[in-house]
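Below is one structure; the comments refer to it alone.
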Amino acid sequence: MIITFWVALFLIFYTFFGYGILLYILIKIKRLINPPKKRLYTFEELPSCTIIVAAYNEADFIAEKIRNTLALNYPEGKLKLIFVTDGSTDSTPEIVSRYPEIKLLHSPARLGKISAVHRSMLEVETELVVFTDANTFLNVDALVLMCRHYADPTVGAVAGEKRVMIEESADATAGEGFYWKYESKLKAWDSELYSVVGAAGELFSVRKDQYEPVPSNSVLDDFMISMKIAEKGFVIVYEPEAFAQESSSANVGEELKRKIRIAAGGMQSIIWLKSLLNPFKFPVLSFQYISHRVLRWTITPFLMILAFLLNIFIVLKAADFIYNFILIAQVLFYFSAYLGKILEAKKVRIKLLFIPYYFCMMNYAVFAGLIRYFKGNQSVIWEKAMRK
């Protein structure tokens, strides 16, 4: 029982903190042995590129998204724009049609984002493709900063950074901003060590000739698209200076809805990308994938419960300072999360308590996501989470 407790505690620590520490150490060693040298395109050398924006009923945001997209910096004549509005029943297609610079694809059938993306990819004739969400806004040099990395022939995809705007009237979604800052640092280190473990749909790019259509029932289509490229032996570079900015979830309920979907998609991706679990075939990528994604999406939330229960049994069986201390620390942490939940409902601004609350909410989402996935209840067509 004691050995199981310490193994569980170690894996929990490793998943959320230990991997970051180990990654930092490995990066320091790599920099000493082999200082980083990047091959980058100059502005004039940048390849041709197409931006694809899949939009479903985004009338509130689409005009601003179009203005943002048209303002992006890229060599003249090398950038194409495709907006696909399949299934939209509001004025989104009509708004897009006002701009002759944009190729509009619209079908009344709503088959899900990935089906819309596959359809739009048939229209792409450029060397590179950039995907970005309709409700996110890019910095003016985002395309230049991302596409310059393709001077290196080993680069198959480039992931931009997601930045969450947190308002002063913070609720538990303040934890979302903290989480993404930590995730961004891990991604930067992952990229420097070898490769980012997947890209987020807010902003990423791929080589057109390496794009592989993923199944139409893919939940995390952006993750699957990028990891299928990594499976071919290419690396995914992280470019933190190219960012997509979006507002935080409207409330904790909306954020939880999004996290549950991600957890269900995570389990699906692990099953479909099982070849990446082979460290003999993918020694570094497999290490990164298991450490950064697989543990979070599978056993770690269960280990948190196991460690808490075992800690109670050990203390009841034989009082010992170290086990008493760990149990008290766990109780205080979960009590802080509970207080964060109560204060969030009352809109009291104590952000420090919202971090443990958000952490516990994320791990609960894994439970709910796994149940949803194995019951077959996660549809590829999903209700959008409301944002502030």
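The values are calculated or read from the model by the stated rules, or taken from the named source; none is laboratory data. If you're wondering where the values come from, they're calculated on a predicted model, not measured in any experiment. Note that each Cβ is placed from the backbone with ideal geometry, even for glycine, and that neighbours are counted across all protein chains shown.
Data for the structure
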| quantity | calculated |
| --- | --- |
| Test result for PRO47, touching a Ser or Thr at 6+ places or on another chain (Cβ under 9 Å), touching a residue at least 40 places away in the same chain (Cβ under 8 Å) and either assigned to a loop (DSSP other than H, G, I, E, B) or not hydrophobic (A, V, I, L, M, F, W, C) (or both) | yes |
| Unmet requirement for ALA8, which otherwise passes all of (1) within 26 Å of the chain's Cα centre (by Cα); (2) surrounded by fewer than 19 Cβ atoms within 10 Å (Cβ to Cβ); (3) closer than 30 Å to LEU295 by Cα | (2) |
| Qualifying residue in the stretch 119-126 (condition: under 22 Å from THR42 (Cβ atoms), of a type outside the set (Lys, Arg) and over 16 Å from the mean Cα position of the chain (by Cα)) | yes |
| Listing of helices (runs of 4 or more DSSP H) fully contained in the stretch 255-348 that carry 1 or more residues being surrounded by 13 or more Cβ atoms within 10 Å (Cβ to Cβ) and of a type in the set (D, E, K, R) | 321-346 |
| Residue that is at pLDDT 95 or above, small (Gly, Ala, Ser) and over 30 Å from MET227 (Cα atoms), where the choices are ALA329, ALA337, ALA318, ALA345 | ALA329 |
| Pairs, first crowded, with 18+ Cβ neighbours inside 10 Å in the stretch 192-221, second part of a loop (DSSP other than H, G, I, E, B), C-beta under 6 Å, six or more apart | GLU202/THR136; VAL219/GLN378; ASP221/VAL214 |
| The stretch 13-39: number of residues that are surrounded by 14 or more Cβ atoms within 10 Å (Cβ to Cβ) and more than 30 Å from ALA329 (Cβ to Cβ) | 1 |
| Matching entry among LEU310, LEU285 (being in contact with a Ser or Thr (Cβ under 7 Å, 6 or more places away or on another chain), closer than 17 Å to THR15 by Cα and aliphatic (A, V, I, L, M)) | LEU285 |
| Residue ID - surrounded by the most Cβ atoms within 10 Å (Cβ to Cβ), chosen from residues in the stretch 349-379 that are under 22 Å from the mean Cα position of the chain (by Cα) and in a loop (DSSP other than H, G, I, E, B) | GLN378 |
| Among residues of the stretch 30-41, those that are touching a residue at least 12 places away in the same chain (Cβ under 8 Å) and either within 20 Å of ALA151 (Cα to Cα) or of a type in the set (Ser, Thr, Tyr) (or both), counted | 5 |
| Residue list for the stretch 57-80, restricted to those being over 24 Å from the mean Cα position of the chain (by Cα) and closer than 20 Å to LEU143 by Cα | ALA63, ARG67, LEU70, ALA71, ASN73, TYR74, PRO75, GLU76, GLY77, LYS78, LEU79, LYS80 |
| Selection status of LEU79, at pLDDT 95 or above, in contact with a strand residue (DSSP E or B) (Cβ under 8 Å, 6 or more places away or on another chain) and under 22 Å from PHE223 (Cα atoms) | no |
| Selected residue (criterion: modelled with the highest pLDDT) from residues of the stretch 225-252 that are polar (S, T, N, Q) and touching a Phe, Trp or Tyr at 6+ places or on another chain (Cβ under 7 Å) | SER226 |
| Pairs, first hydroxyl-bearing (Ser, Thr, Tyr) in the stretch 12-24, second outside any helix (DSSP H, G or I), C-beta under 9 Å, six or more apart | THR15/ILE299 |
| Counted residues, the stretch 116-149 - those being touching a Gly at 6+ places or on another chain (Cβ under 9 Å), surrounded by 23 or more Cβ atoms within 10 Å (Cβ to Cβ) and either among the charged types (D, E, K, R) or in a helix (DSSP H, G or I) (or both) | 3 |
| Condition broken by PRO93, with the remaining ones in (1) outside any helix (DSSP H, G or I); (2) of a type outside the set (Lys, Arg); (3) touching a His at 6+ places or on another chain (Cβ under 9 Å); (4) crowded, with 17+ Cβ neighbours inside 10 Å satisfied | (1) |
| In the stretch 189-207, the residues that are part of a helix (DSSP H, G or I) and of a type in the set (Ser, Thr, Tyr) | SER191 |
